[in-house]
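Accompanying notes for the structure given below.
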Amino acid sequence: MILTFSDKRFPNLILQKVKIHTIREDKSSRWRIGNKIEFWMHNPRNVNLHPYQFATSHLREKKPILIHPELNKVTVDNVLINSVKGLNSLAVNDGFENWDHMKTFFTKPFSGYLLVWSQEWLRPF
């Protein structure tokens with residue numbers, strides 16, 4: 001499975017094992033535990049942006065997530081996160097500086113999945 005990113009900070013954060021998951025929709029249920037992940041900077045179909053693959057891994061966990069930025073709360077796999085510490089931890093693990101930074105991306109309620117890759121399988125190119 002190809003997982004694309006457009007934020008130039010993310011490849012280094014993934015390779016440094018700081019960003020350990022991503023949050024995505026999965027309307028077609030294509031993400032399954034154990035799937036190989038190919039990490040790409042930009043979509044490989046858009047050659048104008050000079051896409052490149054920078055790592056591979058495997059999907060370790062797929063958890064439903066509900067984000068309510070206006071209420072400062074997130075639910076992951078039916079577990080409520082509403083403490084500053086918990087929200088900041090989630091944000092940092094997703095590659096943001098903190099919860100306030102993450103809310104600049106998730107500006108309205110969002111329903112999707114938290115996709116976690118297994119770091120021991122991470123292999124830089």
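Annotations for the structure displayed:
- The Stokes-Einstein estimate for the stretch 47-96, based on a Kirkwood radius over Cα pairs and taken at 4 °C with 1.567 mPa s viscosity, is a diffusion coefficient of 98 µm²/s.
- Amide H to amide H, with H built 1.01 Å from N, N35 comes under 5 Å of L59, counting only residues 5 or more places away or on other chains.
- Helix 84-93 axis, angle to the chain major axis (alpha carbon atoms, nearest 10°): 10
- Hull volume in cubic angstrom per residue (convex hull over the Cα atoms of the stretch 16-125): 124
- Dimensions of the stretch 1-74 from C-alpha coordinates, computed as largest minus smallest value along each principal axis and given longest first, are 38, 27, 25 Å.
- Mean Cα-pair separation over length for the stretch 1-98, i.e. relative contact order, pairs under 8 Å, 6 or more apart, %: 28
- The calculated 222 nm mean residue ellipticity attributable to helices in the chain amounts to -4000 deg cm²/dmol, summing -39500 (n - 2.57) over DSSP H runs of n ≥ 4 and dividing by all residues.
Read-outs throughout are calculated quantities, based only on the coordinates presented, and are distinct from any laboratory measurement. For clarity, every value in this text was computed on a predicted model and none was experimentally measured.
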